[in-house]
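Since every read-out is calculated from the coordinates, none of them should be taken as a lab result. None of the values given here were measured: they were computed from a predicted structure. Neighbour counts run over all protein chains shown; Cβ positions are idealised from the backbone, glycine included.
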Amino acid sequence: MDMPFLRTPYNYDREAASDDSGLMCNDPSLAQQQFREDSDINTIVKRFNLTGEIPQGVNVPRYGDFASVYDYHSAMNLVRSADSAFMRMPADVRARFGNDAGAFVDFVSDPANAAEAEKLGLTVGKGDLGALDAPQALPKVEETSPTGASVDSVQK
C-alpha cells in the first residue's frame, strides 16, 4: 500500500508551490506615473496653502433663500445637504470650527470675520462674506377647517 504524502516544514517548498499555482502578471503596467504627484494628498494640501488654488470639483459654500421650506421633511433635507457640504470641506477648516456646521455658519454670518474667512479660503470675492440677510417673514397660507371654513394663519 502506498503511503500518503505528509507535508512538513522540511519537505515542502512554499516558493515553488506558489510559482506553480500562482498567477503571473508579466504585462506592462497601465498606471500613468506622471500623475502620481498630482494625486498625493500632501501635494494637494501644500499647493492649496501656497497658492490658494482649490482643486477642481470642490464647491465653494453658498448662501440661499430658504423661504420656500414649509415642512419638516424639506427642512431636514436642506440641513442634511448643508452638513454634507460642510463635511466635504478640507479637514483643517472643519477642525477650525470643531467639525460643527452651526459654528461655521455663525462664523461666516458675521462680517467682522471677513479677514480670517479670506485667509481660510472661504470667500469668493475679496473681503465679501455674503452674509445672510435678515430673516424674512413667512408668507400667509390659507387653511381650511374640517367644516370648510377658511382660516388665515402664518405657516410655522
- Task: Starting with the fewest neighbours, write out F104, F35 ranked by other beta-carbon atoms found within 10 Å of each beta-carbon.
- Result: F35, F104
- Treat each spin label as a single point 7 Å out from the Cα along the C-beta direction, and report the S18 to K46 distance in nm. 3.4 nm
- Task: Quick one: compute the contact order of region 66-128, relative version, from alpha carbon pairs under 8 angstrom and 6+ residues apart, as a percent.
- Result: 17 percent
- Task: Using R₀ = 25 Å, calculate the FRET efficiency as 1/(1 + (r/R₀)^6) where r is the Cβ-Cβ separation of D110 and V79; round to 0.05.
- Result: 0.75
